[in-house]
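Undergrad: Sharing a structure here in structure tokens format.
Quick note: the coordinates plus some simple rules give every number you see, no bench work behind them. Predicted, not measured: the structure shown is a model, and the values here were computed from it. Here Cβ is always computed from backbone atoms with ideal geometry, including for glycine, and neighbour counts include all displayed protein chains.
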Amino acid sequence: MYLKAILVPFIFLLAAFPGKLFAQLDTVKIGVNGLTCSSCSKAVEDKLVRVAFVKSVHMNLNKNEAAVIVDFSQTIDWNVLAKAVYNAGFSVGSFIVPSCGSINNNFNGKECSASYLYIGQPVTLGQEKNYTLIGKLFMDKKTYTEWKKKIDKLALVEKSNVNQYFYY
Amino acid sequence: MIFRWAIFFSVFSICLNGFTQELFPRAEPASTVPKGVSGFRFFYNRYKEQSSGRTKEGFYLRYMLGITSKWTVMSTLGISNHHYSAFPTDILQYFFNHHLRGYPPAGFQIEGVNVYTKYRFYTLDKYHQHFRMAAFAEGCKSFVAHDSAEPTLMTDNTGYGGGIIATYLYERFAASVTAGYIHPLVYKQTDIDIRFQSGNATYIELSTGYRVWPLEYSTYSDLNINLYAEFMWKSYGMAHLEQYGQTIHFDKFASSNPYSYQELSGSSYIDSRFSVQFISNSNTRIDFGVTLALKNRSYNYWAPMFTLQYQTYLYGKRKSKKKHS
């Protein structure tokens, strides 16, 4: 009887707020360019950890790489996360997110594959654990210029404002 | 002797340039304060005026704010015993004697307020390196009677200025060059009908430094120890003094009062500041420095001038999220 009294509200809560009760956490790796000092890393971490869907941040102070624990049960916007690095006064060198396989094909409440467009080498397609994002905010200028040529050649339109990202 | 030590230190710092930071105690780097972050810097300088044996001191409090990721604004309030708040009636006696022991000393007072703004207009960031350029403009409202040809906007002269900064960081090596201009405005004093204006100035600063500790970071709480060598070349024009509508020509005092003549004449000099910096918790920093004359001298201070700085950024409270380092 007591068990039933406990389980029924719990099951109800689980059905009503699954995302709130079970955060889907995974790691995003951001290579930060333009800094070497720990004070600079601290400024980057401070900006990243304030982003709504970020759970926690671990900065590698020597490699200047941020391991960002992201709550995928919330609305995700990778542009917001990248801009946090720029707001600290530095630049994104690389931006690596979990693949659709890693996050059970659910991204912002819809089919994950609709949010990503692969434009890398075909041989690795479907086997990646992570996606390296391509975009002005996600890599250094030189690398982006090279990718931009490919994007233009394929006559693709970047739609990062509607959460559709190119990756390789 | 001082010159030899300065040369030795410069060569030494260039040789060890694998370990450098760009948190220069004297110059501003092209990098800016993070967006929405504010900070405070307290700085203090002290030197002995050798002609009078008096100790001259300046206390400065600076507030810094990152308006955007590329645009920083800061304001500095200065308090010192460097100057009188106004020139006394007998202006020539003042110019000839105020650096001497027998002349009444200036007391501590609010020296002025400086407002400085910097915009980073070029950024080339790479892994463990960057090249950045910024433009800056500054203005100062001074509340004292500055009495030498060399203008400074921190915070001796009312005036304005600006310039360009280029900062290069490679691994742990950083160097920065600042080229600037200062235009002092006319100081007017109606009770004795005085108009005094320092000369216009141009200057170039070269700043380098290196991190000696830690060689590898383990946590944010690692104590950082950085050494800096900064050099400045400054050139300025002759001061202009006018009383009762008549220009007072300093040339006629050149032989009888050479010090006053030199102080009021246009000149140029090179000086240097050598500093050691300690940073705790990757935020709070304390710098100890000494400024030395290398070629000619500034008549705004007597070398050696000792400096102490304390700076901290206020990141604001975070929401209750976990963070690791």
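Undergrad: Can you run down the residue pairs with Cβ atoms below 7 Å, 6 or more apart or on separate chains, where the first is in segment B:27-40 and touching a residue at least 24 places away in the same chain (Cβ under 8 Å) and the partner is acidic (Asp, Glu)?
TA: Within 7 Å, the pairs are B:Ala27/B:Glu205; B:Ala27/B:Glu230; B:Pro29/B:Glu22; B:Ser31/B:Glu22.
Undergrad: Another question, then. Could you list, ordered by first residue, the pairs with Cβ atoms under 7 Å in which the first is in segment A:51-68 and more than 9 Å from chain B (Cβ to nearest Cβ) and the second is of a type in the set (Asp, Glu), at least 6 apart or interchain?
TA: Close Cβ pairs (under 7 Å, with a partner that is of a type in the set (Asp, Glu)) amount to A:Phe53/A:Asp71; A:Ala66/A:Glu45.
Undergrad: Then there's this: For segment A:150-162, state whether one or more residues are aliphatic (A, V, I, L, M), over 30 Å from B:Leu65 (Cβ atoms) and touching a residue at least 40 places away in the same chain (Cβ under 8 Å). Full working, then the answer.
TA: Narrowing segment A:150-162 to residues aliphatic (A, V, I, L, M): A:151, A:154-157, A:162.
Cutting the leftovers down to over 30 Å from B:Leu65 (Cβ atoms) gives us A:151, A:154-157, A:162.
Applying the additional criterion that residues be touching a residue at least 40 places away in the same chain (Cβ under 8 Å) yields none.
Scanning segment A:150-162 turns up no residue that is aliphatic (A, V, I, L, M), over 30 Å from B:Leu65 (Cβ atoms) and touching a residue at least 40 places away in the same chain (Cβ under 8 Å).
Undergrad: How many residues does segment B:64-118 contain that are in a helix (DSSP H, G or I) and surrounded by 21 or more Cβ atoms within 10 Å (Cβ to Cβ)?
TA: Kept after step one, since they are in a helix (DSSP H, G or I), are these residues of segment B:64-118: B:91-97.
When the remaining residues are screened for being surrounded by 21 or more Cβ atoms within 10 Å (Cβ to Cβ), the result is B:95.
So the answer is 1.
Undergrad: Considering only residues that are in a strand (DSSP E or B) and of a type in the set (D, E, K, R), which ones fall in segment A:41-89? Outline the logic, then answer.
TA: Let us first name the residues in segment A:41-89 that are in a strand (DSSP E or B), namely A:54-60, A:65-71.
A:Lys55, A:Glu65, A:Asp71, listed by residue number.
Undergrad: Now a separate question. Could you list, in sequence order, the residues of segment B:122-147 that are more than 9 Å from chain A (Cβ to nearest Cβ) and either in contact with a helix residue (DSSP H, G or I) (Cβ under 7 Å, 6 or more places away or on another chain) or of a type in the set (Ser, Thr, Tyr) (or both)?
TA: If the condition is that a residue be more than 9 Å from chain A (Cβ to nearest Cβ) and either in contact with a helix residue (DSSP H, G or I) (Cβ under 7 Å, 6 or more places away or on another chain) or of a type in the set (Ser, Thr, Tyr) (or both), then B:Tyr122, B:Ser142, B:Asp147 are the ones that fit.
A quick yes/no check of all residues on (1) outside any loop (DSSP other than H, G, I, E, B); (2) under 15 Å from the mean Cα position of the chain (by Cα); (3) more than 14 Å from chain A (Cβ to nearest Cβ):
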residue	(1), (2), (3)
B:Arg120	yes, no, no
B:Thr155	no, yes, yes
B:Thr167	yes, no, no
B:Ala174	yes, no, no
B:Ala179	yes, yes, yes
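Undergrad: Consider segment B:194-221. How many of its residues are more than 16 Å from B:His146 (Cα to Cα) and either crowded, with 20+ Cβ neighbours inside 10 Å or without any contact (Cβ under 8 Å) to a residue 60 or more places away in the chain (or both)? Lay out the reasoning, then the answer.
TA: In the first step, residues of segment B:194-221 are kept if they are more than 16 Å from B:His146 (Cα to Cα); the result is B:202-221.
From the residues that got through so far, the ones that are either crowded, with 20+ Cβ neighbours inside 10 Å or without any contact (Cβ under 8 Å) to a residue 60 or more places away in the chain (or both) too are B:202-211, B:213-214, B:216-218.
Within segment B:194-221, residues that are more than 16 Å from B:His146 (Cα to Cα) and either crowded, with 20+ Cβ neighbours inside 10 Å or without any contact (Cβ under 8 Å) to a residue 60 or more places away in the chain (or both) number 15.
Undergrad: I would also like to ask the following. Out of everything in segment B:250-309 that is basic (Lys, Arg) and outside any strand (DSSP E or B), what residue ends up being farthest from B:Val37 (Cα to Cα)?
TA: Initial filter on segment B:250-309 (basic (Lys, Arg)): B:252, B:273, B:285, B:295, B:297.
Next, from what is left, pick out any that are outside any strand (DSSP E or B): B:252, B:297.
Details: B:Lys252: 54, B:Arg297: 38 Å.
Filtering segment B:250-309 for residues that are basic (Lys, Arg) and outside any strand (DSSP E or B), the one farthest from B:Val37 (Cα to Cα) comes out as B:Lys252.
Undergrad: Restricting attention to segment A:90-107, which residues are free of Cβ contacts under 8 Å to residues at least 60 places away in the same chain, surrounded by fewer than 23 Cβ atoms within 10 Å (Cβ to Cβ) and in a loop (DSSP other than H, G, I, E, B)?
TA: A:Ser99, A:Cys100, A:Gly101, A:Asn105, listed by residue number.
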